[in-house]
Every structure is written in structure tokens, then in C-alpha cells.
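Written below as C-alpha cells is the structure these notes are about.
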Amino acid sequence: MLDFPKWKIWSIAATLLFGLYLAMPNFLPESVLRSAPDILPTKQLNLGLDLRGGSHLMLEATTDDVLKTKMEALEDLVRSELRVVEGGAVSYRDLSMGKDRLSLTITNPADLDRALAALRKVTQPAGGFGAVRDTDLSNNGTRLTLTATSDGVARAIDSAMAQAVEVIRRRIDELGTREPNIIRQGDTRIVVQVPGLQDPAALKALIGKTAKLEFKLVDVDADPVMLAEGRAPPGSQVLPVLEGGTLAVKRRAIISGDQLVDSQVSSDQNNQPAVSFRFDSTGGRRFAQATQANVGRPFAIILDGIVISAPRINEPILGGAGIISGSYTIATANELAILLRSGKLPVELKVIEERTVGPDLGADSIRAGAIASVLATVLVAVFMLVTYGRFGWYSVIALFLNGILVLGIMSGIGATLTLPGIAGFVLTIGAAVDANVLINERIREELRRGRAPISAVETGYREASRTIFDANVTNVIAAAIMFAFGSGPIKGFAVVLTLGIITSVFTAVTVTRLLAARWLRRTRPAALVL
Amino acid sequence: MRLLKLVPDNTNIGFLRWRNVAVGISLLMILGSIVLVGFRGLNFGVDFAGGLMMEVRFENAAKVDALRRTVNAAGEGASSIQTFGDANTVSIRLPLPPGDEAAVQVAVKRIQDAITADSPDAQFRRVETVSGKVSGELIQAGGLAILFAMIGISIYIWLRFEWQFGVGALFALVHDVAITMGFFAITQMEFDLNIVAAVLTIVGYSLNDTIVVYDRVRENLRKYRKMGITEILDLSLNETLPRTIVTSLTMIIALGTLVLFGGTVLFGFSVAMLLGIIIGTYSSIFIAAPILVWLGVGPSSFLAADSSAESRLRPQQRSERKG
């Protein structure tokens, strides 16, 4: 055991140096790091939101909305396909929409084959051979039914979520915050982490709005009595108005916010804050046509299902740009402009979990954690020295190297240090020391049994190693389960604990053995003080 | 230099003599803990109960009563407000408001606005809201994690030792976890995700301790074939006692600094760990070891293993005698 082959010594030294190399950026100021040559690592330890302050939001999509949007789009598609069927429009009646199905009856049975052919085109899967269809078409006589398949629903949700992540990213970027972390979790959830954010209210306001902008014609023929009862004529719908009351508008939108290319804060003719917008070229053309055809009639500007204003079209709007005015402040106008610029969310997202930590609480936590870690290390070191003398020194050196290794590996792999992670680090000190306690106590025992120093140390290390291995495997099992089941901060704890246990076995067993072996070979002591 | 020896050489304490008393007390404590958790319940934090928690700091000492009126007027349901750490800081807890998943967000906004209107110097240091759905998932994940950790570790011990050791370790674990939970039920300290992490760590640590003892038991069973099981266990416990004491002390030192200086957020976690270390140490000596007697562990338990590869690797072990 005292013979350490050269390669072993070198690999131990190399491991320790590599740890030091990875840990180094944490001890250097930012200015040095920026001018450092490329071969030096620059990754500092990642601090969790609980330590540097910031907001963690978990959002969940209401998937019913996705299905509803999909069915509405399907309805639009079916209507337009049946209008442009080869050989003249097919007429139908009793179009009804369920949760996941759309049914209609073909008025003239002679049109059935043409209608089926047209609708088959609708249900034809995109992507050619092997693609799975999103909707199934079936018919019972002249009653045709389109049903969304579970694959189709899953795909719709998936693409809506992917799009939602992009929209959220654009919106948060507009806030000018640094390095937001936006990740999908599971099928219908998105986790948003924004470090260093002072006011999560603004963030939540930005994320929580769908920002679906629509322009619809006002149904001027609607019966005011029916309207008061909340009923609208066929083809129209009743919507609440921002300033109070309700308004009947045509179901079909002239144009939607999807075709917006820009939106900015500006001011209206009364010099009040307002939001200007501009359509892309197709959108601009459609807007021009629609306004041209409806001069003199009012149209409604609708945001998230609420009528913001319903101005009269005085003249065709040809430039593809317009202004939304209402009772805005600069701040709310700016928020709306951001929302319109970044596009509408394909699903409604609700905040189901929020954890926000102010930056000064984070700083307090770091300070408390650092004090506790340093103090714990010093006290444990003193205790080890008093109890085991020279061998205590070896374990203190091992403890220090273990700290460097954990720091280095965590910086290197980009793991995040959380507050429970600091606690995990303090616990690792305990675990690291335990290995040395086991070894040293075993050596004491062997000395008591009358073994010579070298033989006692040898037996001590060998016998204790097995125990150390078994004891630490159980800790790693516990940590692995924490990692698998835990959320956020707990994961941070599990990472530090696992890393710390592995590195501590290396430093507390291998490194101290090397130190002890070199000393024993050099001095060949006749008696051991332990 | 004279080194510190906390346990004198040749200490010989008859731990096993007290096994009936110790296990009796432990069984009572486990039973009491279960009853306490069942009837008094745990004081679940926002993680598990849902609802909202805020830490608010004011420039001067917080007026808790006025604040309670403000919050209760703005929110739905009774708030619980306590000073937190120092007199200027309070923690506000509110149960899950009725309504859908987003209702708790609405409540946060209203309460924050109301507090800011009353005291513009209010600083929201921490805001946590958890909806009912998420808290349900967290409870489930936390419970499963503790259960799987206990089972996983017991299986590992069964594979490394014998089935009796696995059962003994599992029982010691149930003991430690139950009593820790009982402590949280008595003190009504907040039970949240951090505490689950603490319990899992206790599971790991307590096992660590148990394994050190079991490892020595196995070694001595092979060494002293003629010795009775209670003598073997007492010998093993006494031989490992110095290590048990020193390690527990270092853990207590490390955790003690966390309790005293680790800050308010880590306080509950550190207290749970500290308690767990003490219970875990006790259970390895007074629970895990005696169970081996009742489960019939004897010198023959490792006969099969003795003829296997492991003993052939270390033939010198058999000739050793205490010197």
C-alpha cells in the first residue's frame, strides 16, 4: 500500500490540478477573465435564482384552447373549401362544432361526392407518405363529420407550445433582461426563469396576455333588445367593450394581428398615448380592400376578445398602417406595443407556480451560506487536528482539495449552486471527514492490537475502504432519487451532494493515503502518535 | 502532542442489555409520531399546501396587527403573519384562494397593492405562489422520493449483506423518518420541499451509520465463530463507537453553524438535519443492531459467503485475534 507507482501519483496530481484549473475563474475578477487567453476556462459557478435573485414562473397552457383554435381553423378551411369546389359551391346546413368534431349536412345529396372529395383534401395529412392524419372524415348519409385524431390534437398542442416559447422569448427580450431561461416542461408547461428581475409583475403582465388582435366589422343590424340579452344574430357574436357595455360584431375577422410587422408607442390626434401598427404587404392589401368596401361603417378593434374601440371607417386605409387609441398611459401603451410586436400566444398560459427572490435577499443568503460554510470548515478542521494530529492535517488538506474539486466540477459542467446546494456542501464536509474518521479510528484499533505503524496504516486503509464504499453508495442512492424526483432547489442540493460524495471519497481516501504513504516511507517511524 | 480521545480505549458498554427498553421507547415514539402526524397534522408550507407566501421587509419595525388587517381585507381567507428573522421583516402566508389555478396570482397582486398603498417602503424580498395542482404534484413526488430512497437503500443492503440486515436497516429508517415527521408535527415548524430534502439526507446519513456498524458485525461474525450474537453486537458497537461519536460530532458542528449562521431560509432544513443526525445515530446503535438478534443472525449467517470468493481473497483475516 505504501508503494504508489509513478503513474498513480501523476494521475492523482493531474486530477487535482484539473479541478483547480476549472475552479480558477471563480477566484479571478471579471476584468481578468475577459482578457484571459482562450485556453483558460472562463465559466464561473452558476448561481441559482434563490441566490442571485430573480423570478421562476411555471406556466401551464389551457389545452382546451388549442383544440378550440384548431377546430375554428378547421371550420374556416371547410367553409372555404366547400365554396371553391370544382363545379360550383356546395351548399350545406346545420354546421355544428363539438369539442373535437365538426359536423355538417350537405343540402343536396347529389353534391355529396364532390363535398367528400373536397373535404378529403382537408384531412389529407401534410408530409406525404407515412404521415399521420390530424382529422378523420366520416359520413352518415349526407351528414359529414370531421373528427380530430389524438395524434392531431397532440401535434397541435406541441406546435402551439413551441410557438408559445418563441413568443414568450420575444416578449421577455423586449424587457431587456439578461439571459432568461425558457424551457418546456412536460406536454403543456413552460418554465420561465429570469435572473435579477426587480419587478415580476411586469413580467407576469407580459406573459399572461394572449395579445390576439382582430379587426371585425360591427354588426349594425343587430337588434338592441337581443344584444342586451347577450344574443347576436347568426354569423355575429356579442363582445364586451373595454369602456363598458357590449357590441355585436361579425364573427369573421377582416384581418388579424398575425399580419402585423411592427407596433410602436405613438400619440393620437388628442396627443394621448396610443399604439401604432403596420401590416405586412398582404395584410396591408387585405386591410385596404376591406376598408374600401366598408366606408362609412364602424369596425371593431378587438384585443383578447374585448373591443378596444370601434371607429367609423371614414375613408379607405391604404397605407397598411393604423393607430389604436384608448385610455392608455405611456406604460400601458408600451406594454401593448410589445405584445403586438411579439405576436399572439397560440394558447392561454396561466402562472401555476411562482418563486421570486429579491436580489438583496439572495445576497443575504449568499453571505449567510458563505459564513456557515467557512465556519463549519474551520471548526471541523480544528476538531480533526485536535483529535488526529498529523493524520488530522491530512484530512484537512483533503477537505480543502475536496472543496476545490466540487467548485471546479460544478463550474465546468455548468451546474447551478442553490441555497440548499450550500447546505449540501456543508454536509459534504461531514461526509468527507467521516471517511477519514473511519480510517483513523481503524488505524488506532490496529495499533492497539499491537501492529507496527506501517502495517497498522495499511490495514486501516484497506479495512475502512470497504465500509466507506458501502456507506457512500447509500448516500448516492438517496441523492440520485432526490435528483430524479426533486424540483429546482432540491435538484441543486442533490447535485452538490452527489459530486461532493464522489470527490470526497477520492480526496479523503486516495489523497490522504498518498500523503500518509510518503511520510511513512520517508521517516519510517517506530511509533505512531494517533 | 496528546491527541483528543473522546472514547477511552477498551470501552465496553453493554448496549444490547437495554435493547428491550430502547426498542420499546422507540416503538412508542414511532406510534406517537404517527398519531401526531395523523391528528395534529404537519404545517405544510406553500410547496405542499398551495397558496402564497411573501417575505416583506419594512424600513422600521413591522406593525403586524395593522398588516394583518390590510392583508385580510385584500385577500380571501385568514392570513398568518409572523416576524421573520428580525423585527422589520415579516412572512405572510395565505391559504389557496378559491377559484381556478390563476386565482392565487390575482390574490398576490391585490395584497401587494394593498400593502404598498399602506406602507410605500415595503420591499417584497420573496414571493412564492403555488397553485393547488402543483402542490399536489409536489406532495406526491416528495412522498415517492422518500419511499423509493428507503426501499432502494434497503435492497442495496440486502444485496451487500443478508436479508436480516436489510430489514434491520429499513426498520431503523422508518424509525428515523417517522420521528422526524413527529417532531415537525409537534413543533408545527413549516414542512416544505427543503424538509423533504433534509429527510432524504437523514435517510442517507442514518444508513451510513448503520452500515458502519453492520460492516463490523459481519467482520466479527466471521472472526469469532464461538461468540454469542449479543456479545458480537456489543463488541462491534463498542469498536465503532469512537468513529460514531467523532463523526456525529463533526456533523453536529457543521449543522450547528448552519442553524446559527445559515440564514432564515435554511433554518428549518438545518434543524431537521440536526435532529435526524441525533436520531440516526441512536437508531444505528439501539434499533438496527438489536433487530439482528431477533431476526436470528448468527455465526452461520455468513457461512455461504465465507466459502465464496470474498474470503479467499483475504485468508489472513481468519487468523486474527484481538491483541
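Read the figures in this text as sums done on the coordinates, not as results from a lab. Worth saying up front: this structure is predicted, and the values here are computed from it rather than measured. No Cβ is skipped: glycine too gets one built from the backbone with ideal geometry, and neighbour counts run over all protein chains shown.
Each residue of the stretch A:317-323 was assigned a 3J(HN,Hα) from its phi angle through the Karplus expression (A = 6.51, B = -1.76, C = 1.60, θ = phi - 60°), giving 9, 9, x, x, 9, x, 10 Hz with x at Gly and Pro.
Rounded to whole Å and ordered largest first, report the semi-axes of the equivalent ellipsoid of chain B derived from its Cα gyration tensor (root of 5λ). Kindly include the intermediate steps, with their values, before the conclusion.
Numbers: eigenvalues 500, 86, 48 Å².
Equivalent ellipsoid of chain B: 50, 21, 16 Å, largest first.
Under a Gaussian network description of chain B, with springs only between Cα atoms under 10 Å, the residue in B:A74, B:A169, B:A185 that fluctuates furthest is B:A74.
What FRET efficiency comes out for the pair B:D113/A:R251, r = Cβ-Cβ distance, R0 = 35 Å, nearest 0.05? Walk me through the intermediate numbers first.
Numbers: r = 37 Å, r/R0 = 1.07.
The calculated FRET efficiency here is 0.40.
Over the stretch A:450-530, one equal point on each Cα, no solvent: what is log10 I(q)/I(0) by the Debye formula at q = 0.18 Å⁻¹? Each listed q corresponds, in turn, to -0.78.
Counting only C-alpha contacts under 8 Å and six or more residues apart, can you give the relative contact order of chain A as a whole percent? The partial results should precede the final answer.
Details: 880 pairs, mean separation 98.0, N = 530.
Across chain A, relative contact order equals 18 percent.
Equivalent ellipsoid of the stretch B:102-194: semi-axes from √(5λ) of the C-alpha gyration tensor, largest first, are 43, 15, 10 Å.
The angle between the Cα long axis of helix B:264-283 and the longest principal axis of the Cα atoms of chain B comes to about 20 degrees, rounded to the nearest 10. Under a Gaussian network description of chain B, with springs only between Cα atoms under 10 Å, the residue in B:I195, B:I30, B:I13 that fluctuates furthest is B:I13.
For every other residue with a beta carbon closer than 15 angstrom to the beta carbon of B:R17, add +1 if it is Lys or Arg and -1 if Asp or Glu, then tell me the sum.
Within the 15 Å Cβ shell, the charges total -1.
The alpha-carbon of A:K121 sits under 17 angstrom from the alpha-carbons of these aspartates and glutamates, leaving out residues fewer than 8 places away in its chain: A:E75, A:D76, A:E81, A:E86, A:D111, A:D113, A:D134, A:D136.
Can you work out the FRET efficiency for the pair A:A73 and B:D100, with r the C-beta to C-beta distance and R0 = 25 Å, to the nearest 0.05?
E between A:A73 and B:D100, to the nearest 0.05, is 0.45.
Counting other C-beta atoms within 10 Å, which of B:D47, A:D199 has the fewest, and how do the rest follow?
On the way: B:D47 26, A:D199 12.
Least crowded to most crowded, the residues run A:D199, B:D47.
Give me the percent of DSSP beta bridges within the protein assembly as shown that run antiparallel, rounded to the nearest 5.
Numbers: 88 of 93 bridges.
Given both bridge residues lie in the protein assembly as shown, the antiparallel proportion sits at roughly 95 percent.
Protection proxy ranking for B:92-99, A:95-102, B:265-272, using the average of other Cβ atoms within 10 Å per residue and placing the highest first: B:265-272, B:92-99, A:95-102. Kirkwood hydrodynamic radius computed over the stretch B:1-158 comes to 19.8 Å, based on all pairs of distinct alpha carbons. Modelled this way, with points 7 Å down the Cα-to-C-beta line, the labels at A:R231 and A:A288 are 4.3 nm from one another.
Let me know the shape class of the stretch B:26-106, please: from the alpha-carbon gyration tensor, a ≥ b ≥ c as square roots of the eigenvalues, rounded when a/c is under 1.5, otherwise prolate if a/b is greater than b/c, or oblate. The shape class here is oblate.
Close amide H partners of A:T149, meaning residues 5 or more places away or on another chain with modelled amide H under 5 Å apart, are A:T135, A:D136. Full extension of the chain between A:D113 and A:R169 gives 15.5 nm of extra length, using 0.36 nm per residue less the Cα-Cα distance.
Explain nothing, just the number: relative contact order of chain B, from Cα pairs under 8 Å at least 6 residues apart, as a whole percent. Provide the component values of the computation, followed by the final result.
Numbers: 430 pairs, mean separation 74.6, N = 323.
Averaging sequence separation for qualifying contacts and normalising by length gives 23 percent for chain B.
In the Gaussian network model of chain B, springs joining C-alpha atoms below 10 Å, which of B:S236, B:S91, B:S206 carries the largest mean-square fluctuation? Result for chain B, Cα springs under 10 Å: B:S91 fluctuates most. Expressed as a whole percent, how much of the Cα-Cα distance distribution for the stretch A:63-149 exceeds 21 Å? The share of Cα pairs beyond 21 Å in the stretch A:63-149 comes to 27 percent.
Would you work out the Kirkwood radius for the stretch A:211-342? I mean one over the mean of 1/r across all pairs of different Cα atoms, in Å. Mind dumping the intermediate values first?
Working: mean 1/r = 0.0664 Å⁻¹.
About 15.1 Å, per the Kirkwood formula over Cα pairs.
Once both labels are positioned 7 Å from their Cα atoms along Cα-to-Cβ, the gap between A:I183 and A:S267 label points is 4.7 nm. Could you let me know the centre-to-centre spacing of the stretch B:89-155 and the stretch B:164-232, using Cα atoms, in angstrom? Rounded to whole Å, the Cα centres lie 32 Å apart.
Annotation: amide H of A:R251 within the under-5 Å range of A:S236, A:Q237, sequence separation 5 or more or interchain, hydrogens built in the peptide plane.
Sequentially through the stretch A:344-360, phi angles give Karplus couplings (6.51, -1.76, 1.60; θ = phi - 60°) of 7, 6, x, 9, 7, 10, 10, 6, 10, 7, 9, 9, 10, 10, x, x, 6 Hz, Gly and Pro residues having no value and appearing as x. Between B:K226 and A:M97, the distance separating the two model label sites (each 7 Å from Cα on the Cα→Cβ line) works out to 9.2 nm. Averaging 1/r across all pairs of distinct Cα atoms in the stretch A:91-247 and inverting the result yields a Kirkwood radius of 20.2 Å.
Of all lysines in the structure, the ones whose alpha carbon falls short of 30 Å from that of B:K5, not counting any fewer than 8 places away in one chain, are B:K223, B:K322.
Go ahead and collect, in residue order, the members of the stretch A:446-466 whose backbone nitrogen is under 19 Å from a label point 7 Å along the Cα-Cβ direction of A:R521. Counting backbone N atoms under 19 Å from the label point, the list is A:453-462. Using 5 Å bins from zero, what percent of all Cα-Cα pairs in the stretch B:161-317 falls into each bin? Result, from short to long distances: 2, 9, 17, 18, 16, 13, 9, 7, 5, 3, 1, 0 percent. Quick one: angle between helix A:150-175 and the longest Cα principal axis of chain A, in degrees between 0 and 90, rounded to 10, please. Its long axis makes an angle of about 80 degrees.
Computed over the stretch B:51-130, relative contact order equals 47 percent, with contacts defined as Cα pairs under 8 Å that lie 6+ residues apart.
With r as the distance between the Cβ atoms of B:D65 and B:Q123 and R0 = 25 Å, compute the FRET efficiency 1/(1 + (r/R0)^6) and round to 0.05.
On the way: r = 20 Å, r/R0 = 0.80.
My answer for the efficiency is 0.80.
Other chains near A:355-368: what is the mean number of their Cβ atoms within 10 Å of each residue's Cβ? Walk me through the numbers on the way to the answer.
Numbers: counts 8, 8, 7, 8, 1, 3, 10, 3, 0, 5, 6, 1, 2, 9.
Averaged over the peptide's residues, the number is 5.
As a ratio to 2.2 N^0.38 Å, the alpha-carbon radius of gyration computed for the protein assembly as shown takes the value 1.22.
When the helices of the protein assembly as shown are scored as -39500 (n - 2.57) per DSSP H run of n ≥ 4 and the total is divided over every residue, the value at 222 nm lands at -19000 deg cm²/dmol.
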